[in-house]
Structure formats: C-alpha cells, structure tokens
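Below: one structure, written as structure tokens.
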Amino acid sequence: MEQFLNLEQIDFYNENGYLVVEKFLDDNSIAILKERTKEIITAFDPKELKVFTTENQESHMDDYFLGSGDKVRCFFEEGAIDKNGVLAVSKEKSINKVGHAMHDLIPDFEKIAYTPALYSIAKSLGLKQASIVQSQYIFKQPKIGAKVNPHTDSTFIYTDPLSCLGVWIALEDAEIENGCLSVIAGSHQISLKDRFVRNKANTGTEFVNMGGDSEDWNLQKLEALPVRKGDMVLLHGQVVHASFANRSKKSRHAFVLHLIDLDCEWPTDNWLQRSETLPFRVMENVVYHRFG
Ligand code: FE2
C-alpha cells in the first residue's frame, strides 16, 4: 500500500497533535456531499422532531441525540424549534448538523469516507485496526453559526486506551471571519480532562472527570487554522481545539469523520452506540472490498 503521508507530515502530527493536508478532497466529491446533504434536509420532516419535543423537551431531545449513532439525523440551531415541535425558521437556515452514520448508510458518503488515502493516513498515525465511528456534516450558518469552545475529541469519542483521530474537511474556504478551527499545538500531551457518557439511567448525558484539568490548557496559545475548500485538518483526539463563531455572510460547511482503533475498548457508556444490525466496520475491509 502506498503511504499517503510523508515522514515529515507524520513527524509534524506527532509533535503538534494536528496536521493540515491541503487539497485532500476534490471538487466533485465536495459537490456530491453537498447535494446529498441538501436532499436529506429537504426530505426531513419536522414532525419527526415533534415526537422528541413534546412534553419534556430536554429529555426527548436527549433520546433523539442518543439514538443517532447508527442513523442519519438532523440537528437544528438552539431556539430553532418552538414548544410545539415546529421550526421557527426554515430548515435550510436553521440546520446545525447532520449525523452520525452517513458513512455507513449512504453509498455516496461511504465512497468518500472509505478511501485508500484515508486508510493509509489512519495506519500512518498509529491505528492498527482503523474504524470510522462517526460522520458529521456541519453547517456553520452565516451570522448565527456559534463558536465551539475549546475541547478535545477524545472526550466524546473515547476508547481505552485512547485512539481517536479527528478528520475535519473544509467543504468551503474557512477563515477566522466565518469560523475556522483553532488549535493549541502540542496540547495532545496533556492528560484527558473528561469523558462525555450516558448517565446511569441511560436517559441523558454527563461529563465524567478523567483526571486532567482544563487549567492546564494555555488558551493564549490557540492559533487559527484558516484553510481552503478541500483541505483537511487531522486532529489528535487529545489536542485542544475550538472554532470561531461565524459572524460573516458566508457559510462554512465541513465534513467531519472520527476514527478509532478497534483493538481498543469501546465502553458501553460512551454516548455513541451502534445497534447489532450496524456494527462498527473494519475500515480495511470496506476500503478494499467496496466494489467487490
Ligand atoms: Fe472537535
């Protein structure tokens, strides 16, 4: 197998906990992702949300979220759905993201996610039995797209031992003005602060401390990572990163995948779970037998 990343890139990632790879995704693939996602939103019936928003809104939205690990579900900006489960603004204007299993449920997403290039990257960065556990299409809507506070992805995509690799692909140019990523280089060396888990009753989520402390994050060192359409940012699961709010008139779409090593344990209280009918797949098998 031809190695996609060169040694210099691998060294940079290991030292800094992130790596920008320019021009990873071609324009045609980007157009396909955009088109398919548009179709998902057009087909989405807000009545589906009504089930989750009547009576106890918060707990029902938790069900909607907790059940999304093996489905394609639409998530809207806060305040976009009123008490009756009706969208206050149009779907297109208030959609926040679509997640979390498009890569295993929609053939066009599958083709773009399961490539020899990404598999090679996962291998080079130490995943022995790589698996894509989550996909998200993130809209950072013009004017209203909120900032994302500093966090680590291993908090949300946890394995024992840690193995999360974030793959963030810009589907549009991302600058400070429309909400690009920022990262603290080298912060992947700091111990993990917490895990985001299902509560004991399995009705919601909570954070569990893992010993690390966000006091150790030197937020002054967050540096902006502006990238062009098609560029990819690889993020170590423990690297501290954030993203700016979108105060501009331009949207900022991104396609994000999270990979783990299946040799590591996936705890049953991780928020993201799969049903038996759609287990996590060994990436190598999908990549090389997709057309078989
Ligand atoms: Fe993240």
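Could you list all residues from region 247-271 that are touching a Phe, Trp or Tyr at 6+ places or on another chain (Cβ under 8 Å), under 15 Å from Asp160 (Cα atoms) and open to solvent by less than 30 Å² (accessible area, probe 1.4 Å)?
Across region 247-271, the qualifying residues are Ile260, Pro267, Asn270, Trp271.
For region 63-74, indicate whether the set of residues that are modelled with pLDDT of 70 or more, outside any strand (DSSP E or B) and on the phi > 0 side of the Ramachandran plot is non-empty.
Kept after step one, since they are modelled with pLDDT of 70 or more, are these residues of region 63-74: 63-74.
Those still in the list that are outside any strand (DSSP E or B) too: 63-71.
Imposing the further condition that a residue be on the phi > 0 side of the Ramachandran plot reduces the set to none.
No.
Looking at region 17-30, is at least one residue of a type in the set (Ser, Thr, Tyr), in contact with a helix residue (DSSP H, G or I) (Cβ under 8 Å, 6 or more places away or on another chain), assigned to a helix (DSSP H, G or I) and at pLDDT below 95?
Looking for residues that are of a type in the set (Ser, Thr, Tyr), in contact with a helix residue (DSSP H, G or I) (Cβ under 8 Å, 6 or more places away or on another chain), assigned to a helix (DSSP H, G or I) and at pLDDT below 95, one finds none in region 17-30, hence no.
May I ask you to list the residues in region 151-163 that are of a type in the set (A, V, I, L, M) and within 14 Å of the ligand (Cβ to nearest atom)? Let's see the steps before the verdict.
Just the residues of region 151-163 that are of a type in the set (A, V, I, L, M), to begin with: 157, 162.
Selection gives Ile157 alone.
Could you check region 210-246 and list, in sequence order, the residues that are open to solvent by less than 40 Å² (accessible area, probe 1.4 Å), part of a strand (DSSP E or B) and either over 24 Å from Ile144 (Cβ atoms) or of a type outside the set (A, V, I, L, M) (or both)?
Listed by number, the residues that qualify are Met232, Leu234, Leu235, His241, Ser243.
Yes or no: His253 under 22 Å from Lys34 (Cα atoms) and away from the ligand (no atom under 14 Å from the Cβ)? Break it down stepwise before answering.
Values: under 22 Å from Lys34 (Cα atoms): yes; away from the ligand (no atom under 14 Å from the Cβ): yes.
Taking the combined requirement at face value, the residue satisfies it.
Looking only at region 85-136, count how many residues are within 28 Å of Ala43 (Cβ to Cβ) and among the aromatic types (Phe, Trp, Tyr).
The number of residues fulfilling the criteria is 2.
Would you mind finding the one in Gly145, Gly166, Gly179 that is within 12 Å of the ligand (Cβ to nearest atom), within 20 Å of Phe255 (Cβ to Cβ) and outside any helix (DSSP H, G or I)?
Testing whether each residue is within 12 Å of the ligand (Cβ to nearest atom), within 20 Å of Phe255 (Cβ to Cβ) and outside any helix (DSSP H, G or I) leaves just Gly166.
Go through (1) hydrophobic (A, V, I, L, M, F, W, C); (2) under 18 Å from the mean Cα position of the chain (by Cα); (3) within 14 Å of the ligand (Cβ to nearest atom) one by one and return the number of the condition Ile184 breaks.
(2)
When Leu192 is evaluated against the numbered criteria (1) within 14 Å of the ligand (Cβ to nearest atom); (2) open to solvent by 30 Å² or more (accessible area, probe 1.4 Å), which criterion, by number, is the only one it fails?
Evaluating Leu192 over (1) within 14 Å of the ligand (Cβ to nearest atom); (2) open to solvent by 30 Å² or more (accessible area, probe 1.4 Å) leaves (2) as the failure.
Considering only residues that are crowded, with 19+ Cβ neighbours inside 10 Å, touching an Asp or Glu at 6+ places or on another chain (Cβ under 8 Å) and of a type in the set (Gly, Ala, Ser), which ones fall in region 97-122?
If the condition is that a residue be crowded, with 19+ Cβ neighbours inside 10 Å, touching an Asp or Glu at 6+ places or on another chain (Cβ under 8 Å) and of a type in the set (Gly, Ala, Ser), then Ala101 is the only one that fits.
Residue check: is Val86 more than 16 Å from the ligand (Cβ to nearest atom), modelled with pLDDT under 85 and open to solvent by 20 Å² or more (accessible area, probe 1.4 Å)?
Values: more than 16 Å from the ligand (Cβ to nearest atom): yes; modelled with pLDDT under 85: yes; open to solvent by 20 Å² or more (accessible area, probe 1.4 Å): yes.
Taking the combined requirement at face value, the residue satisfies it.
The values are calculated or read from the model by the stated rules, or taken from the named source; none is laboratory data. This structure is a prediction, so every number in the text was calculated from the model and none was measured. Every residue, glycine among them, receives a Cβ derived from its backbone with ideal geometry; neighbour counts consider all protein chains shown. Accessible surface is based on the protein model in full, side chains and every heavy atom, while ligands, DNA and RNA are left aside. Shrake-Rupley method; radii C 1.70, N 1.55, O 1.52, S 1.80 Å.
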